[in-house]
1. Roughly how many Å is it from the Cα centre of the stretch 62-102 to that of the stretch 201-217, as a whole number?
2. Residue separation times 0.36 nm, minus the C-alpha to C-alpha distance between F138 and R193: what's the value?
3. Which sequence of F157, F137 reflects their accessible areas, 1.4 Å probe, from the largest down?
4. Between L159 and L278, how many nm apart are label points set 7 Å from Cα along the C-beta direction?
5. Determine which residues of the stretch 35-54 fall in the zone a paramagnetic label at D15 would reach in this model, i.e. backbone nitrogen under 17 Å from the point 7 Å along Cα→Cβ.
6. Using alpha-carbon pairs under 8 Å, 6+ residues apart, how would you state the relative contact order of the chain in percent?
7. How many times 2.2 N^0.38 Å is the alpha carbon radius of gyration of the stretch 33-124?
8. For the chain, which whole percent of the accessible surface, found with a 1.4 angstrom probe, sits on carbon and sulfur atoms?
Amino acid sequence: MANNAFVAAPPPLKDELDIVIPTIRNLDFLEMWRPFLQPYHLIIVQDGDPSKTINVPSGFDYELYNRNDINKILGPRASCISFKDSACRCFGYMVSKKKYIFTIDDDCFVANDPTGKAVNALEQHIKNLLCPSTPMFFNTLYDPFREGADFVRGYPFSLREGVPTAISHGLWLNIPDYDAPTQLVKPLERNTRYVDTVLTIPKGTLFPMCGMNLAFDRDLIGPAMYFGLMGDGQPIGRYDDMWAGWCCKVICDHLGLGIKTGLPYIFHSKASNPFVNLRKEYKGIFWQEDIIPFFQNLTLPKEATTVQECYIHLSKQVKEKLSKLDPYFDKLANAMVTWIEAWDELNPQGASKANGKA
């Protein structure tokens, strides 16, 4: 008699993807995510007091790193990893050995779509990453590779193959990702609009990347996913993911890679204190008026053909042009080089020949 028992399909990319979570607290929020995330390996980066015990729900496969572990693994190069800031998550990107990364904050819950169905954010990120991007020419039906869509009339056939997708940038329901001044003038605003759209960010266009619901191809863009120097001992905070996004975007444009934004949504459950945020952001609010034109006008040399080589060139330009704003950028440029050195040491198979100093 034939065996007609249903066999569930294995989770997509189960052995090729790590989930990175920065935290200072117990990870009870994972219970809500269990149906979607339990099959995958977690890398937990514990910020703050390393003597504190972080409880993880049973049944999850994970490794946990605290500040003592970071110092032990990286030695003097641990100085490039932020302390008392969620920017520490990028250490998890560095120690992962998987091709793909999904990172999420511990105040991000499972969202529901307009029909009430729970959104499997990771599944949508994987779909985004496995389909090409179209940064060279905008398609007015958004992502032409989604079911029910295609390239519209007038779209050049020579560009329809697209380019590899390096980053999938997801969005948030409930608490929007606002800066402190906007939080202060709109304290009760909540995002309830679920827009069923994925689109490629066009070449030459920057965007404010948010790290709380993000996935990327580590092989394609990993070394550029450095969240900078933020938090304890630094004059700025809450610009970690945006700095990484600006760096990644100019490198993706240079190397012919794509970035998608839109779906999937998560439910952002908790609004951070706008007065605390303002103390962290206020220098960045002024600096970004110079930082954005810096990235808009930045060019990378043709001979830079790897992410590491691009990043080293970028660090040199940060030192040369942004250090005039504040000595912090000289320190940041040096940390960018340290980051690449540490990345190449832990990932020698992908190490670059770019070993110059900023």
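1. If you average the Cα positions of each part, the centres end up 21 Å apart.
2. Values: separation 55, 0.36 × 55 = 19.80 nm, distance 2.31 nm.
This chain segment gains 17.5 nm when fully extended.
3. Values: F157 160, F137 85 Å².
Heavy-atom accessible area, descending, gives F157, F137.
4. Distance between the two pseudo-spin positions: 4.3 nm.
5. Residues 39-42 fall inside that zone.
6. Details: 655 pairs, mean separation 65.0, N = 358.
Relative contact order for the chain comes out at 18 percent.
7. Values: Rg = 15.0 Å, N = 92, 2.2 N^0.38 = 12.3 Å.
So the stretch 33-124 has a normalised radius of gyration of 1.23.
8. Numbers: 8940 of 16600 Å².
Whole-percent figure for carbon plus sulfur exposure: 54.
The values are calculated or read from the model by the stated rules, or taken from the named source; none is laboratory data. Note that the structure is predicted; figures quoted are calculated from it, not measured. Virtual Cβ from ideal backbone geometry, glycine too; neighbours counted across all protein chains shown. Ligands, DNA and RNA are stripped out before the accessible areas are found, and what is left, the full protein with its side chains, is counted by its heavy atoms. Shrake-Rupley method; radii C 1.70, N 1.55, O 1.52, S 1.80 Å.
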